[in-house]
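What follows is one structure encoded as structure tokens, with my remarks underneath.
The values are calculated or read from the model by the stated rules, or taken from the named source; none is laboratory data. Since this is a predicted model, take the numbers as computed values, not measurements. All Cβ positions, even for glycine, are placed from backbone atoms using ideal geometry, and neighbour counts span all protein chains on display. What goes into the accessible areas is simple: the full protein's heavy atoms, side chains included, and nothing from ligands, DNA or RNA. Shrake-Rupley method; radii C 1.70, N 1.55, O 1.52, S 1.80 Å.
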There are 2 protein chains.
Amino acid sequence: MPDQPRVEFRTAPERYRHWRLATEGPVATLTMDVDEQGGIVPGYELKLNSYDLGVDIELYDAVQRLRFEHPEVRAVVITSGKPKIFCAGANIRMLAASPHGWKVNFCKFTNETRNGMEDATVYSGQTYLAAVNGTASGGGYELALACEHIMLVDDRSSAVSLPELPLLGVLPGTGGLTRVSDKRHVRRDLADYFSTKSEGIGGKKAVQWRLVDEAVPRPRWDETVAERAAELAARSGRPAGDDPVALTELRKTRDDDAISYDHVQASLDRNAHKVDILVKAPQDDPPASIAEARSADFWPLAVARELDDLILDLRTNETELGTWVFRTEGNPAKVLAYDNLLLTSREDWFANEVLHYLKRTLRRLDVTSRSLIAVIDPGSCFAGSLLELALAADRSFQLAGVFEDQDPAAEPATITLGEINLGPLTMSNGLTRLQTRFWGDEAGYEAAAKRKNEALEAEDAADLGLITFAPDDIDWDEEIRIATEERASFSPDALTGLEANYRFAGPETMETKIFGRLSAWQNWIFNRPNAAGPDGALRRFGTGQRAVFDRKRV
Amino acid sequence: MPDQPRVEFRTAPERYRHWRLATEGPVATLTMDVDEQGGIVPGYELKLNSYDLGVDIELYDAVQRLRFEHPEVRAVVITSGKPKIFCAGANIRMLAASPHGWKVNFCKFTNETRNGMEDATVYSGQTYLAAVNGTASGGGYELALACEHIMLVDDRSSAVSLPELPLLGVLPGTGGLTRVSDKRHVRRDLADYFSTKSEGIGGKKAVQWRLVDEAVPRPRWDETVAERAAELAARSGRPAGDDPVALTELRKTRDDDAISYDHVQASLDRNAHKVDILVKAPQDDPPASIAEARSADFWPLAVARELDDLILDLRTNETELGTWVFRTEGNPAKVLAYDNLLLTSREDWFANEVLHYLKRTLRRLDVTSRSLIAVIDPGSCFAGSLLELALAADRSFQLAGVFEDQDPAAEPATITLGEINLGPLTMSNGLTRLQTRFWGDEAGYEAAAKRKNEALEAEDAADLGLITFAPDDIDWDEEIRIATEERASFSPDALTGLEANYRFAGPETMETKIFGRLSAWQNWIFNRPNAAGPDGALRRFGTGQRAVFDRKRV
């Protein structure tokens, strides 16, 4: 793969090359019709509705916009604009030519988008329906698996399949195995057989094995899809007829050293292999009611969007910057007031959407393979929703006292737990970051939660276990310098593994299984000569030559 | 690492080179005193009580023997025979010189042994106590983590540590991260800090951070260890004073083509990359009572031991034989009768031990990275405990009818679910294999369970979802041939990943997290140049040269 141009995640329906988004009353239809010549990097053609990161960025954008710009939409049909083929999955030439890191990052993003479809189904009353009107292989079937209901055209040629193992020597990388076993409850031996049969399974057998929900003959296809979409829409509790909120283009400036938005700034320190990220609290009080808040400029929504874009940009474009240092600034009371408006308006669709967007953005941070450090000093604003950044961090530092030399009269740094930290912003393990932090320590959790809405200085915060270290101003610079320098000196791979283990104490869910068990195995397989070596299956695919395997089982 | 000699797992206390096993009433003491020159392969010295596979084979043997040969033992103290050092963990030169597969297999076995210590603590009333009388680093601390109670000598120099990440660029590979977060509930940020601090943490801080349970000054050390061991022993419900059951040396013959025991035979087919394994039902009826059964010749115990040894032998010595095909033969009624004796005697310590040993052996099979196929034909005996082999398999084939050409008068092959399949033989996810198979399909589970004790022919078994395929004699040979040949043609790595995902539907536990999340990440890291490359941390350790890292985060 040639040097990648910087990837930009901002897009909008009028710029889509690969998807069409149409709505008709409560039903939206997302039609995949990939432009073969529209690869995000040169070197491959996106044949047979196969996809690359660029195609998936558009899908991601559409899924997000549907939630905000289409309050009336209650069911979303995903289908193909090509005859006979639904989607052939991730483009194999792209995968074969991509460096390891690109493959892994690509899979992570596509996973997040599919989790987002399930999130919309469960929490927004926008139920996804896969109208598989042709063969769905690999990532194509995995896209369908992320939908609540899967319809397969029954025409004796269309099938669903996971041909990655037999054809490419890798796993289906976008949650396929986990969803087959844990979501659709396909029996393990049938799942095993299915995943080794490259031509896949169609028709009645696909229904019997639970791989799809129904097989529909082509003559009845259109009406049945419409019928099913109407049924799913009718089940939804999403309030109809409210005003949409346009996700206007994010204001962003980006050069080699800095990325800036209205409320979020990042400065890129290539020598130290780190990024300093500053998140700013709102300047103003929140609107009096959620009805007046409906705009992309509403601070919580704006911050979630900016952080989301920043995480994606850094993750994809700045792989050598291994540590992200989070700072905040502003008035904690204003953040808590905004949080409060959201929490007291949770029945409102827009407030609900903003909360879930923030939740998803923070989850994206949790699965980001970068060391996260939070720095809490005077003037900072780690309160309520912004405190989640410190709770997501691998370590946090809060200044005990003030900087005596610089500003002895300053107010000492505080952190403030808010109601928002106690519920809605769950991690992918189903627990809040606070619950995960105190997993197995009920008393510690209760003691911390009891101090809700109290501005806690460093010593209190440390005693309560809410921060990691509370150095005073004599040790401050040195401790933070050592922590970041040391981090930069460690093996990036081992850090990724360490963080992926320690960030997810407690229960596992389908989502954590996808990012933990499944993705870790896939990372390993992607990295092995049997897949990625010159004679490996991924590289030899389509050459007419069979792969050469080291037969040793590991 | 030079070509490895064939590894043999059978040993006995009189042959130990690295451990001393002593008992005094209800307390056993396992003293680690590693012979520096006793490496299982040449090329490294086992300094500072560091260990390799040979050391761990002895520990495994001791843990097993304690359960059978020492019914009187209720607490097991693990301590060191060297001054100032408890255990330095896995030998680094051994790891650095080992091929990838050896490292992974070594970690799997050491994990199983530590899980076995926890299993003895929970189910046998043999509670493990780590008497950490010197520094415990890496795998040394992980050994302590597998104990119920950790005592650390408080002498200003002894500490516990996980220096793998900062020193070697890998993860602690024996459950350390999972047990720190999910067993000991060390807060995630403290755990992160701890795991980057190579010198570790000792004294009161180690207690405060929950890394150990108590720090005891050296002058009070011996008496406090004895006191604590006595307390743990007093808590145990293990019946005292019963006759021990000697685990006599397994009768085994082994050459390049075959491995044979009394009840288990394996023939190694190197051309087809598979092993054919035959397990034989007992010839005789079970003894009238469990008291008369107390011997290593008791069929269920003998079979568990033979299978256990076979799995370990094949896993370690025959890595290119990627498919194991299980067959059984004998009288199903006799197997069910033996099972029944065990189940009706569960209150008896020996019956309890046999059941748990069988459970652990089957779990070892579940985490084995080989494709497992069960072949059920006339004369086979997949009933009760032996049916677990078919339920553990990735696929099973049961002949519909009989072989018309060979033996038209034969009884058709059957399988029989027994009571034993409905409870005690849980997988590491906490569910039985039957529950895992029907995860999310309550009705399917109930329908199958209702047919308990019924000999089910192929069609019934297939309808109930208990087997995968039921070919008749016309298709039989061809189907099995294709399945095994196809399996041998796939990427061994991708198969490992596929099986590791599909075998564990449903909930995750600490044990599945260790084998899934943690081990998969470790596999990946072990395989990366940042660890294992010529300039990687593992290879450069001790050379005075710093590792050179590719800084890209993945």
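For the reader, a short list of remarks on this structure follows.
- Spacing of the modelled spin labels on B:ASP222 and B:ASN271, each 7 Å from Cα toward Cβ, amounts to 6.6 nm.
- Mean per-residue shielding of peptide A:65-72 is 0, counting Cβ atoms of other chains within 10 Å of each Cβ.
- For A:317-327, mean number of other protein chain Cβ atoms within 10 Å: 2
- Over the range A:46-195, volume per residue of the alpha carbon convex hull, in Å³: 114
- Separation between Cα centres of the range A:269-329 and the range B:255-315, rounded to whole Å: 61
- Each semi-axis of the equivalent ellipsoid for the range A:127-232 is √(5λ) with λ an eigenvalue of the Cα gyration tensor; in descending order they amount to 22, 14, 12 Å.
- Drop in accessible area of at least 40 Å² in the complex versus isolated chain, residues of the range B:536-554, 1.4 Å probe: B:PHE549, B:ARG551, B:LYS552, B:ARG553, B:VAL554
- Projected label distance in nm at A:THR344 and A:LYS450, using a 7 Å step from Cα toward the beta-carbon: 2.7
- Against chain B, whose longest principal axis is taken from its Cα atoms, helix B:221-235 shows a tilt of about 30°.
- For the range A:432-528, chymotrypsin sites (Phe, Trp or Tyr not before Pro) are listed when DSSP marks them as loop and at most 11 other Cβ atoms sit within 10 Å of their Cβ; the list is empty.
- Shape of the protein assembly as shown, Cα gyration tensor, a/c cut at 1.5: oblate
- Highest average packing first - A:406-415, A:92-101, A:266-275, Cβ atoms within 10 Å: A:92-101, A:266-275, A:406-415
- Of the trypsin sites (Lys or Arg not before Pro) in the range A:343-406, not one is in a loop by DSSP (not H, G, I, E or B) with at most 10 other beta carbons within 10 Å.
- Between A:ASP284 and A:ALA443, the contour length at 0.36 nm per residue exceeds the Cα-Cα span by 53.6 nm.
- A convex hull fitted to the Cα coordinates of chain A yields 153 cubic angstrom per residue.
- Residue-averaged [θ]222 nm for chain B, counting only DSSP H segments that reach four residues, each worth -39500 (n - 2.57): -10500 deg cm²/dmol
- In the range A:301-346, taking the dipole from charged Cβ atoms about the Cα centre, the farthest positive-side position among A:PRO332, A:GLY322, A:VAL303 is held by A:PRO332.
- Local charge for B:VAL548 was computed over the other residues whose Cβ lies under 11 Å away, with Lys and Arg +1 and Asp and Glu -1, and equals +2.
- For the range B:50-95, radius of gyration divided by Kirkwood radius, i.e. Rg to Rh on alpha-carbons: 1.06
- By the rule of a C-alpha distance below 26 Å, with chain neighbours fewer than 8 residues away ignored, the lysines paired with A:LYS252 are A:LYS108, A:LYS274, A:LYS280, A:LYS334, A:LYS359, B:LYS552.
- Label positions at B:ASP297 and A:ALA234, each projected 7 Å from the Cα along the C-beta direction, are separated by 7.3 nm.
- Average partner coverage of B:162-172, which counts Cβ from other chains inside 10 Å: 4
- List of the range B:405-441 residues, accessible area with partners at least 20 Å² below that of the chain alone (1.4 Å probe): B:ARG437, B:TRP439, B:GLY440, B:ASP441
- The range A:395-414 and the range B:136-189: distance between their alpha carbon centers, rounded to Å: 34
- The range A:505-533 residues near the modelled B:GLU320 label - backbone nitrogen below 14 Å, point 7 Å along Cα→Cβ: none
- Prolate/oblate/rounded call for the range A:157-314, Cα gyration tensor, a/c under 1.5 rounded: oblate
- Checking every one of the GluC sites (Glu not before Pro) in the range A:288-372 against DSSP loop status and a limit of 15 other Cβ atoms within 10 Å picks out A:GLU320, A:GLU347.
- Note, ³J(HN,Hα) from phi for the range A:312-323, Karplus 6.51, -1.76, 1.60, rounded to Hz, x at Gly and Pro: 5, 4, 5, 4, 8, 9, 10, 6, 8, 8, x, 10
- Under 13 Å, Cβ to Cβ, from A:ALA234 - net charge with Lys/Arg +1 and Asp/Glu -1: +2
- Using a 1.4 angstrom probe on protein heavy atoms only, the contact between A and B buries about 8700 square angstrom of accessible area, both sides summed.
- Distances from B:ASN453 to itself in the other copies, using label points 7 Å out along the Cα-Cβ axis, amount to 6.3 nm in increasing order.
- Nm distances between copies for B:ALA226, ranked from closest, using label points 7 Å along Cα→Cβ: 8.8
- For A:LEU422, the distances from its label point to the matching points in the remaining copies are 4.5 nm, ordered from shortest, with each point set 7 Å beyond Cα toward Cβ.
- Its alpha carbons give the range B:103-164 an Rg and a Dmax of 12.6, 36 Å.
- Dipole of the protein assembly as shown [Lys/Arg +1, Asp/Glu -1 at C-beta], most positive-end residue of A:LEU232, B:GLN406, B:PHE68: B:GLN406
- Centroid-to-centroid separation of the range B:71-117 and the range A:430-474 [C-alpha atoms, Å]: 36
- Couplings for the range A:242-253, taken from phi via the Karplus curve 6.51 cos²θ - 1.76 cosθ + 1.60 with θ = phi - 60°, read 8, 6, x, 10, 6, 7, 5, 4, 4, 7, 9, 10 Hz in order; Gly and Pro are left as x.
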